[in-house]
Structure formats: structure tokens, C-alpha cells
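Heads up: the structure comes next, in C-alpha cells.
The values are calculated or read from the model by the stated rules, or taken from the named source; none is laboratory data. As the structure is a computational prediction, the values presented were derived from the model and not from experiment. For neighbour counting, all protein chains shown are included, and Cβ atoms are generated from backbone atoms with ideal geometry for every residue, glycine included. Quick note on the areas: whole protein, heavy atoms, side chains included, nothing else; ligands and nucleic acids left out. Shrake-Rupley method; radii C 1.70, N 1.55, O 1.52, S 1.80 Å.
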Amino acid sequence: MNVERRILEEISGGGFRSGEAISERLGISRSAVWKHIGKLRRQGYEIEASPRHGYRLLGRPDKLLPAELEPLLDTEVVGRNIVHFEETGSTAVEARALIEKGAPGGTVVIAESQTAGRGRMGRSWETSPSQSIAMSVIFRSGIPPTLTPLFSLATAVATAQAVAATVPVRPAVKWPNDVYLDGRKLAGVLVEMAAELDRVRWLIDSVGVNVNNSFTGSDLRGRAVSLAEVVGGKVSRVAVATAILAELDRLWLQARRGDLSRYRRLFGDLDLLRGKRIVVREGDQQLAGVAEGIDGDGRLLLRLDSGEVRTLFGGEATLAA
């Protein structure tokens, strides 16, 4: 447990806690306590200081800080290390840099604002400060490369499940890995990996969720949506983020056992496209037909007008006009 989190525990509860008492409990100097209090204030914590009584916590920031997330996580792998940025270009890029430095599996990289994020098909994914969730989770070796397409789809399913467990909404999953709400995009997933012939050396599982954004006046209006826009009020980003991290922990544990059948089954219940006429674009190729779910490896089953069922590994699927 880091020092800031322990200090927050000491000064929570409404009453004052003296600097001397905190220093004795934590085994650090009173000067160090004062410096950590200053750091917490810069992060957005509202802390009252009294020369005679000490410190007390008056308010917490609406931020995805380790001290806010860690107490809510009861996970085996995910969240053992949380790296927080006020602003970064891309949490996935930060995660790759941490992998090179030996960061352990389960490390979470999370940012209040992402300015150069990347989604599928090379699209940008930018987030306004403290409005969305932008995070990447590092996983070390443990699953075969053949499982990664289904793992990507399963991440979208896990995200939809976590959102539905936190907020009174019913998201759907659009193959291959997007989460939709009321016909508009709510969240996206991007999975990157380094693999050898028979094993994944590392995997970065990135998730972006629109939480308190407003798309009014945006060119994305009608195509993207946030949780706040649907429920009509502010949503706790901390609650949504911790729910997703808990689901990703369960997902990884099952992936290591080589069994993602639970997520295939759940996808069947959340499938946005099944039974609908769609167009799938993959490179220069374009196919039209009726979506018939997925196979055991997470590939889309598309019934063409000829009656042939084509199995598709990837691509961009849209509802036919």
C-alpha cells in the first residue's frame, strides 16, 4: 500500500489526525507527511489543515487515482500496480514502455485525458479531461496466440457486463470488439500483443469508455454516446473503471485456463448484429449478408445471398442501408 493511500485512510472519517500521529503510524517524518499531503492536494483531494489539530479529508476528486481504485479492487492479477497520468498521448504506448522496463502482468495504465489514443483500423481515440475512461492493462505470457481474437471479443463482452452491473443500462456488443448503447458507440477495445509461434509473450488490453462526455454539437453526435447522456446525470468513473478491471481479471484467469466459453455464450446474448443484414469491409473486399453469430474462435459467420456461410477473421461491420 502506498504512502498517500495510507495517509488518506488516516485522515478519512470526518475527524482530525495530527501530523505526529500519522508520522508515528507510517514510520515517516512529519516533514514527509506534509509533503505527501501537498501531493494529495495537487491531485485534487480537499484536505483541511489545523496547526492545533492536524489534518482531515473534506473531499475526494472525481479522478481515476490509485488511491481511489485500489481499495475497491479484489482481484488476483489486475491492478497489482496502477500507473496514473493526468494526460498522456496513449495509455497503450505508455504500457509498451513499461513492458520494456519489466512491469509485471496486471499493471494498469490509466489516464484522465488521452490525446493520441488509437482504436481499431487506425482511428484516433481522444478523451476529454476527467470525462471518459482510457486505460490499458498489461498481461504477461499465459495464453496461445490462437486465443487472442476471441480474447479481444471477450474484452468487449466483459466491458459491457461491467457497465451493466454498475449503471442501469443494457449495452450490446458489436463484432469484433465494440460496445454499443441505444445504437451508438459507447466503448471500444484494442488488443495488441507480441507472440512467438506457440505463446503470447505479452498482451496489452486497452479499453476506452464514454462516461460523462457530451456529444451535443459534436460531429460524433448520433454515432457515439456516453453513459451520462443515457441516464441523465453524472456517473462515477471510479465505479465503472473498477467494475471493468474486476471483469478483466476474471477474463484473464479463464483465458489462462484456455476456456473462454463463458464469454462466447454471453456474446450470444449481447450480439448487436445477429440476424441482421450487414456489410463487412476488410481491406479492399466488401461482403454483404446476414450475420449468424460467431464460431468457436470468435470469427464472424456471414451468410451471403448465395447461401454460402463465410467465416471472417476481422473487418469493419455495419448495418446495411
Residue within the stretch 248-259 that is within 27 Å of Glu316 (Cβ to Cβ) and in a loop (DSSP other than H, G, I, E, B) present: no
Ala187 open to solvent by 10 Å² or more (accessible area, probe 1.4 Å) and of a type in the set (A, V, I, L, M, F, W, C): no
Pairs where the first residue, in the stretch 216-230, is closer than 14 Å to Ala187 by Cα and the second is open to solvent by less than 70 Å² (accessible area, probe 1.4 Å) and of a type in the set (S, T, N, Q), C-beta under 6 Å, 6+ apart: Ser226/Asn210; Ser226/Asn213; Ala228/Asn212
Residue count, the stretch 1-57 (criterion: open to solvent by less than 40 Å² (accessible area, probe 1.4 Å), in a helix (DSSP H, G or I) and under 18 Å from Ala67 (Cβ atoms)): 12
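Quick check: is even one residue across the stretch 255-262 crowded, with 19+ Cβ neighbours inside 10 Å and closer than 16 Å to Ser152 by Cα?
yes
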Sole residue being at pLDDT 95 or above and either β-branched (Val, Ile, Thr) or open to solvent by less than 30 Å² (accessible area, probe 1.4 Å) (or both), chosen from Arg277, Arg303, Arg237: Arg237
Only listed residue being within 27 Å of Glu112 (Cβ to Cβ) and of a type in the set (Lys, Arg), chosen from Arg56, Arg52, Arg30, Arg17: Arg56
Only listed residue being surrounded by fewer than 16 Cβ atoms within 10 Å (Cβ to Cβ), under 30 Å from Val189 (Cα atoms) and touching a Ser or Thr at 6+ places or on another chain (Cβ under 9 Å), chosen from Leu64, Leu98, Leu72: Leu72
Index of the failed condition, Ala116 passing every other in (1) among the aliphatic types (A, V, I, L, M); (2) open to solvent by 30 Å² or more (accessible area, probe 1.4 Å); (3) at pLDDT 90 or above: (3)
Which listed residue, of Val207, Val200, is at pLDDT below 95, open to solvent by less than 10 Å² (accessible area, probe 1.4 Å), on the phi < 0 side of the Ramachandran plot and in contact with a Leu (Cβ under 9 Å, 6 or more places away or on another chain): Val200
Strands (runs of 3 or more DSSP E) wholly inside the stretch 152-241 that include at least 1 residues being out of contact with any Lys or Arg (no Cβ under 9 Å at 6 or more places or on another chain): 172-174, 184-195, 200-210
